[in-house]
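No value in this document is a laboratory result; all are computed from the given coordinates. All values derive from a computational prediction rather than experimental measurement. Cβ sites come from the backbone with ideal geometry, for glycine too, and all protein chains shown count toward neighbours.
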Amino acid sequence: MKLLGGDMFILRPLSKEVRLADQVKSCLDQLLVKCGAKGLTRSSIYKAILFLNHERSAQDGFGLTEIMDLVKATVHRDMLVILLDQPPVQHDVVMEVYYFDPAAWDSGFHSTGEGEALVFSRDGVKISTGFSFAGEDAYRTNSVKAFSGLEGLLSATGFSMGNIVRQWNYIAGILRFEGPYQHYQLFNEARAKHYGDQFEGKGFPAATGIGTSGDGILIEYIAATGSGAITGPIDNPEQVPAYLYPQELLKGEALDRVKSTPKFERGRYLSVHGTDMVFVSGTAAIRGPHVVYPGNTDLQTLYTIDNIEQLIAPQNLEEKGIRSGDFVFDYIRVYLKDRKDYPVVLKYCREKYGNVPCVWIEADICRDELMVEIEGFLVNGHPSALK
């Protein structure tokens with residue numbers, strides 16, 4: 001992550017290996033070569049996210065425990081390894097690997113029964129990235145346990161829920177129901193309860209809520225605290241904030257008198273020691289609070305790209321007190337409801353984003369009519385963009 005003086009690698013199998021184990025090994029072999037070329041030590045790697053074809057894993061008998069052990073044995077034990085049952089569009093595995101500058105940042109690894117985190121500190125600023133997971137119970141219980149684990153992990157590492165600036169919510173069967181209650185809505189109920197008033201006056205995190213084909217809920221986060229960490233929400237003038245959605249848009253029955261809305265911002269700004277980032281939340285074809293062009297992938301993709309442009313437009317950033325400066329996309333991730341739409345979405349994304357590093361994932365999006373969702377982050381390496 002650029003904030004930590006590092007960056008990321010996106011790794012895909014080089015060969016046409018059939019076995020998932022060999023595909024993972026191919027990615028890890030590339031990682032070691034890239035580290036050598038950049039003069040990186042293995043200890044500078046702090047997080048690996050693996051997007052996996054769950055069906056291939058089941059066929060090969062090479063499960064999540066074996067993958068976790070292989071990655072940590074190859075790199076090192078005190079790193080985050082996040083395994084997601086979200087099939088890449090073109091492979092059985094894609095890896096995102098993040099590294100930092102250990103000469104500039106002190107770091108510490110923390111593990112609890114519900115998750116793991118790394119904490120980085122420098123000149124009064126603390127940044128943490130980590131995850132919590134719950135997957136052994138009914139969905140409503142898993143939602144509560146995932147947030148309880150997140151809360152405990154943050155507390156154990158010197159952070160609070162209100163310090164989160166970016167959150168990824170990986171939700172098994174996001175559109176499915178447990179009785180009369182939709183999975184995503186149950187997640188939103190737990191989120192609202194555990195957030196409470198901790199974000200009052202400073203806005204919610206940027207976030208993505210996306211489906212997986214596995215079990216349970218995994219919450220990944222980035223949190224920041226300290227006087228040298230400056231952050232603020234960014235909304236989109238063309239979209240109703242998700243936390244103001246009307247009740248009729250929220251699926252399933254209410255647990256209480258009213259259903260809780262999704263608590264996230266369309267984007268969020270973070271500045272640390274002269275490096276500025278804009279986190280773009282998972283963005284789709286939504287105007288106001290409503291889906292536009294239901295089921296039409298072409299038009300939804302174009303509208304999604306336009307929504308992102310509205311969000312990061314210089315005028316919109318300036319209104320939030322952020323000098324637009326030279327922000328450029330450093331990374332994007334594209335979620336497709338159906339991988340057959342890859343060629344058309346790829347065409348539009350290449351026209352707009354060129355050769356920006358990109359990961360393509362097949363996954364259900366938080367509304368059934370949505371065919372595509374795009375997230376990413378922008379970086380401005382010049383002196384602070386905050387006015």
By a straight-distance test (C-alpha under 16 Å), which aspartates and glutamates pair with LYS34 as possible cross-link partners, with residues fewer than eight away in the same chain excluded?
ASP7, GLU96, ASP101
Would you mind ranking TYR170, TYR243 so that the residue whose beta carbon has the fewest other beta carbons within 10 Å leads the list?
TYR243, TYR170
Can you sort HIS110, HIS183, HIS91 from fewest to most other Cβ atoms within 10 Å of each residue's own Cβ?
HIS110, HIS91, HIS183
How much mean residue ellipticity at 222 nm does the chain get from its helices, if each DSSP H run of length 4 or more adds -39500 (n - 2.57) and you divide by all residues, to the nearest 500 deg cm²/dmol?
-8500 deg cm²/dmol
So, with points 7 Å from each Cα along the Cβ direction, the HIS290-GLU55 label distance in nm works out to 3.6 nm
Starting from the Cα of LYS347, draw a straight line to each of the aspartates and glutamates and keep only those under 16 Å, dropping any in the same chain fewer than 8 residues away.
ASP298, ASP306, ASP338, GLU373
Scattering from the C-alpha atoms of region 260-333 alone, worked out with Debye: what is log10 I(q)/I(0) at q = 0.25, 0.26 1/Å?
-1.27, -1.31
Tell me the label-point distance for the pair GLU369, GLN315, using the 7 Å Cα-to-Cβ offset, in nm and rounded to one decimal.
2.8 nm
Alpha carbon convex hull of region 10-84, projected area averaged over orientations, nm²
4.7 nm²
Over all directions, average the projected area of the Cα convex hull of region 59-172 and note it in nm².
8.9 nm²
In vacuo Debye scattering of region 170-215, one point per C-alpha: log10 I(q)/I(0) at q = 0.22, 0.30 Å⁻¹?
-0.81, -1.10
For the cross-link pairs LYS145/LYS263; LYS2/LYS340; LYS2/LYS38; LYS47/LYS145; LYS193/LYS251; LYS47/LYS193, which exceed 25 Å when the distance is taken from alpha carbon to alpha carbon?
LYS2/LYS340; LYS47/LYS193
Count the DSSP beta bridges whose two residues both fall in region 1-104, then state the antiparallel fraction as a percent rounded to the nearest 5.
70 percent
Could you work out the mean projected area of the convex hull around the alpha carbons of region 105-380, in square nanometres to one decimal?
14.1 nm²
Please rank ASP306, ASP276, ASP69, ASP197, fewest neighbouring Cβ atoms within 10 Å first, as an exposure proxy.
ASP197, ASP69, ASP306, ASP276
